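The values are calculated or read from the model by the stated rules, or taken from the named source; none is laboratory data. These numbers come from a predicted model, not from an experiment. For neighbour counting, all protein chains shown are included, and Cβ atoms are generated from backbone atoms with ideal geometry for every residue, glycine included.
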Amino acid sequence: MAQLIKLQDYISRYETDIYRYPGQFIRLKQENWRKLLERWEQEYAAGTVDLQQEKTEESNHTKKRFSIKDLFKGKKEENVFTPFPEEHQDFYLPPKDKETLKYDFLDHIFKFQLKWASSTIREYSTVDDKFRTDASLRYFLQRFPDTFLVMYKPVFQLQKASVEADIILITPVQVICLTVIEENDKVTFLPEDGRTWFKELEGVQTRMLSPMIGLKRTENIVKSILKKYSVDIPVSKVILSRNNKIKFQSEPYKTAYIGREQYQEWFEQLRSFTSPLKHIQLKTAEALLKDCHSVFTQRPEWFYEDDPSVFNF
């Protein structure tokens, strides 16, 4: 599960210590998944609990049911600040298979990631509800390795202007600037060299603004910041459309068009990438975070978090 180190202009915990939190996230995620899986196997995979009987006893509060949340509870004071209201119950009926359990676990981690990407010990930003249901954001976080760092449409402070960028994926070996274009799966995209692309549906072509414009702007911002802080790492660009065909004869320099036909190979290549976190990767993230714009509110002292390292949902 990739790590969300910056979400638009929200204050991020990774900004305070990029060399601490990525490794800590991986360790906590692995530990809690192991605990959850062990408990599930002990209580349910072994058939020690009758799921039908469990359903009939939902109203019986004396019977403690299966809980993911319990695994993530750390030491907390009563008045610990919560960046957003709890949207799930503590207990739920357990899934019958490991795959469903994994997706339940990833959904909980997603909520946790939104917390780390919108708060520090002393500050917080108010998260727009749209991000909790943003399918593209979930895709980048839930489908790629733990060592990939995601900046999701970050806002950079460039001199006196604030500029929103596209999606930035920081891997251990490179920075990938991404933009996603997706339409009805019958639409075919036709790239052009200028400011205009075409999209074709049932033989009819219509103009659209070239996604390369925003993508080049993101690339230029990234390269200028890395040059400013003397960080040397490859930077590439990707235009991604999982549902649509992109019909092209050639690709621009250091740019990949990943349409429906190229998607699976591209996805498997990234997903199967195995490498620990690299110093150059963290140095890159640190440089980019330094020039990000953040809007946040100070917490009252009595709302400071006891331990920001635990998975507090």
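Okay, here's what the table says:
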item	result
Count - residues of region 261-290 that are over 14 Å from GLY23 (Cα atoms), of a type in the set (Gly, Ala, Ser) and under 18 Å from the mean Cα position of the chain (by Cα)	1
Tabulated pairs, region 238-262, first under 14 Å from ILE167 (Cβ atoms) and in contact (Cβ under 8 Å) with a residue 40 or more places away in the chain, second aliphatic (A, V, I, L, M) and in a helix (DSSP H, G or I), C-beta under 9 angstrom, 6+ apart or interchain	VAL238/LEU215; ILE239/MET212; ILE239/LEU215
Boolean, GLU182 is among the acidic types (Asp, Glu) and either under 26 Å from PHE112 (Cα atoms) or out of contact with any strand residue (DSSP E or B) (no Cβ under 7 Å at 6 or more places or on another chain) (or both)	yes
Residue within region 268-287 that is in contact with a Lys or Arg (Cβ under 8 Å, 6 or more places away or on another chain), aliphatic (A, V, I, L, M) and at pLDDT 95 or above present	yes
Identity of the residue in region 21-42, over 17 Å from PHE112 (Cα atoms) and free of Cβ contacts under 8 Å to residues at least 12 places away in the same chain, that ends up farthest from the chain's Cα centre (by Cα)	GLN42
Hits in region 122-155 (condition: outside any helix (DSSP H, G or I) and loosely packed, with under 15 Cβ neighbours inside 10 Å)	THR126, ASP128, ARG143
Unique residue being at pLDDT 95 or above and either buried (at least 17 other Cβ atoms within 10 Å of the Cβ) or under 18 Å from TYR139 (Cβ atoms) (or both) when the list is ARG260, ARG207, ARG217	ARG260
Output for region 199-223, where each listed residue is under 30 Å from LEU288 (Cβ atoms) and either in a loop (DSSP other than H, G, I, E, B) or not charged (D, E, K, R) (or both)	MET208, LEU209, SER210, PRO211, MET212, ILE213, GLY214, LEU215, THR218, ASN220, ILE221, VAL222
Which listed residue is of a type outside the set (Val, Ile, Thr) and at pLDDT below 90, from PRO22, PRO95	PRO95
Region 225-253: number of residues that are small (Gly, Ala, Ser) and touching an Asp or Glu at 6+ places or on another chain (Cβ under 9 Å)	2
Qualifying positions in region 156-198 - in a strand (DSSP E or B), among the aliphatic types (A, V, I, L, M) and either in contact with a Leu (Cβ under 6 Å, 6 or more places away or on another chain) or closer than 30 Å to TYR10 by Cα (or both)	LEU158, ALA161, VAL163, ILE167, ILE168, LEU169, ILE170, VAL175, ILE176, LEU178, VAL180
Count - residues of region 136-161 that are closer than 20 Å to THR284 by Cα and of a type in the set (Ser, Thr, Tyr)	2
Flag if SER230 is part of a helix (DSSP H, G or I), over 20 Å from the mean Cα position of the chain (by Cα) and at pLDDT 95 or above	no
Contacts under 6 angstrom Cβ, first residue in region 280-300 being closer than 15 Å to TYR152 by Cβ, partner of a type in the set (Asp, Glu) and in a loop (DSSP other than H, G, I, E, B), 6 or more apart	HIS293/ASP9; SER294/ASP9
